[in-house]
Amino acid sequence: MKLLRAIQFKEFERVGGNETIKTNVRIVVATNRNLEEDIKNGVFREDLYYRINVFPIFLPPLRERKDDIMLLADYFLEKYSKENSKNITRLSTPAINMLTSYHWPGNIRELENCIERAVLLCNEEVIRSEHLPPSLQFEEAAAHKTPGRTLPEMVENFEREMIVDALKKNRGQQRKAAQQLGLTERMMGYKIKKYNIYPKQIV
């Protein structure tokens, strides 16, 4: 009732005081609850709801805003890299795929915690899939209908990431990427074919 009065009449009294104070403020409220249902159930005041429901903005959950995931991830990556004095510049392609395919029940707060954890674990310039939380790892495994990752699968995934990263750094030039990784051109060509990597499409 006191909040409703402050919004409706723009006045209130301090706790323990008897002087009425005039105010002129703009109130912004947010909730993840269905207030109309709460009104029906008698747990929220109907008059207060209609007083604050002047200009409603409905924000869909993060899982319905896939385009926002990487924008937010890049922001948090820069933020926590600076806070931890690390030079982490980007996320690997498999890591990006895991982030964008996850359902994010905890919305933006969960994404922020995920990137902060990855930054703490990462000791190179690139966030890789193994730096991400187990919840994302399990989600990926379920998506591929596999009970879990075996050691050979994890090694192959890491090797593929390393090759893709080297190709990106060298703008798709296989010879330079092979030199960077300590591989022969023949071995590089074999692995590119094995992992279905298309150097010309890598930028």
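The values are calculated or read from the model by the stated rules, or taken from the named source; none is laboratory data. None of the values given here were measured: they were computed from a predicted structure. All Cβ positions, glycine included, derive from the backbone under ideal geometry; neighbour counts span all protein chains shown.
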The range 80-116, residues that are among the charged types (D, E, K, R) and under 21 Å from P61 (Cβ atoms): R109, E110, E112, E116
Which condition breaks for L59 when tested against (1) under 30 Å from V119 (Cβ atoms); (2) in a helix (DSSP H, G or I); (3) outside the structural domain of L132 (by TED's automatic domain parsing)? (2)
Report yes if N32 is within 20 Å of R128 (Cα to Cα) and modelled with pLDDT under 95, otherwise no. no
Residues of the range 66-105 that turn out to be within 22 Å of F158 (Cβ to Cβ), more than 13 Å from the chain's Cα centre (by Cα) and part of a helix (DSSP H, G or I), as a count: 3
Determine whether E83 is surrounded by fewer than 14 Cβ atoms within 10 Å (Cβ to Cβ) and farther than 28 Å from H131 by Cβ. no
Pull up the range 21-56, narrow it to residues that are of a type in the set (V, I, T), over 30 Å from E116 (Cα atoms) and in a loop (DSSP other than H, G, I, E, B), then point me to the one that is nearest to the chain's Cα centre (by Cα). I27
Determine which member of the set R160, R128 is outside the structural domain of N87 (by TED's automatic domain parsing) and at pLDDT 80 or above. R160
